[in-house]
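Notes follow the structure.
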């Protein structure tokens, strides 16, 4: 249980084309965007992505890196439907498995507990079953005899999540109001990589932090990346809110143009490009 600190490039270097990746956060909230940008700079492709989608999904779709998406939604929150994802989906550029949020939760929980599936009421009697003909149902063996959806485990090769603070051993702290599914993404994955706003001493977490804020267990974490502003342009409250002006720019700019200007050779290049844009706009 030694030092697990890595760079974003080292994380991506451990990933492979064709993997199933879970990406934490929720819509345009606390997405591990520094890790996603590093992935986009690599040659990785043919990915299956499991995500409560936001710009992570939009960018990977627009760049042609995804073969399949498993999701309950893809949104920028203040912009209801992620436009880059929508364009790819409308031209049939990727396979889609769309499920209810409760089903996604149960799929991650099943994988975290190494179960083949978990029963869930969500999705029963809806078009979820029609558009996902591979889904099966199970009948309760007890007196109720209820028919339930058998949500298959969403087993992940790797997970990418972003939290507010972490120590070098992999303990991750969430300071925001909602942990989303980030802990489950890590538990459902063979390897889990966590970016954070700031790496702190373990004592700051174990002796000073409320225990309920310690979202990620070090045993479930493979690597830790210190990435200040690493969720930009999504929110990472209370550290910072979503960058709405930059998000609007992203949403209206064709992907090749956006990537050419802002992706950069590394994260420092991304930050410099954003700063230059702000200067041009007088912000």
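The values are calculated or read from the model by the stated rules, or taken from the named source; none is laboratory data. Fair warning: this is a prediction, and the values are worked out from it, not measured in the lab. Backbone-built Cβ (ideal geometry, glycine too); neighbour counts: all protein chains shown.
Tallying residues that are more than 24 Å from the chain's Cα centre (by Cα), crowded, with 16+ Cβ neighbours inside 10 Å and more than 19 Å from residue 101 (Cβ to Cβ) within segment 120-158 yields 0.
The criterion of at least 1 residues that are at pLDDT 95 or above, surrounded by 21 or more Cβ atoms within 10 Å (Cβ to Cβ) and touching a helix residue (DSSP H, G or I) at 6+ places or on another chain (Cβ under 6 Å) is met by the following strands (runs of 3 or more DSSP E) wholly inside segment 1-106: 20-23, 47-51, 66-71.
Tell me whether segment 177-184 contains one or more residues that are part of a loop (DSSP other than H, G, I, E, B) and either without any contact (Cβ under 8 Å) to a residue 24 or more places away in the chain or not assigned by TED's automatic domain parsing to the domain that holds residue 19 (or both). Within segment 177-184 (the criterion being part of a loop (DSSP other than H, G, I, E, B) and either without any contact (Cβ under 8 Å) to a residue 24 or more places away in the chain or not assigned by TED's automatic domain parsing to the domain that holds residue 19 (or both)), the answer is no, since none of the residues qualifies.
Yes or no, residue by residue, for (1) closer than 25 Å to residue 9 by Cβ; (2) touching a strand residue (DSSP E or B) at 6+ places or on another chain (Cβ under 7 Å); (3) in a strand (DSSP E or B):
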{"residue": "190", "(1), (2), (3)": "yes, yes, yes"}
{"residue": "203", "(1), (2), (3)": "no, no, no"}
{"residue": "212", "(1), (2), (3)": "no, no, no"}
{"residue": "228", "(1), (2), (3)": "yes, yes, no"}
{"residue": "256", "(1), (2), (3)": "yes, no, no"}
{"residue": "265", "(1), (2), (3)": "yes, no, no"}
{"residue": "268", "(1), (2), (3)": "yes, no, no"}
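If you go through segment 107-132 and keep only what is part of a loop (DSSP other than H, G, I, E, B) and closer than 23 Å to residue 157 by Cβ, you end up with 113, 114, 115, 116, 132.
Do we find a residue being in contact with a helix residue (DSSP H, G or I) (Cβ under 7 Å, 6 or more places away or on another chain), crowded, with 17+ Cβ neighbours inside 10 Å and closer than 25 Å to residue 4 by Cα anywhere in segment 245-256? No: segment 245-256 contains no residue that is in contact with a helix residue (DSSP H, G or I) (Cβ under 7 Å, 6 or more places away or on another chain), crowded, with 17+ Cβ neighbours inside 10 Å and closer than 25 Å to residue 4 by Cα. Just one of (1) surrounded by fewer than 21 Cβ atoms within 10 Å (Cβ to Cβ); (2) at pLDDT 95 or above; (3) over 15 Å from residue 29 (Cα atoms) trips up residue 206, so point out which. All conditions are met except number (2). Among residues of segment 121-139 that are under 16 Å from residue 106 (Cβ atoms), none has a Cβ under 8 angstrom from a residue that is at pLDDT 95 or above and surrounded by fewer than 12 Cβ atoms within 10 Å (Cβ to Cβ) at a sequence gap of 6+ or on a separate chain.
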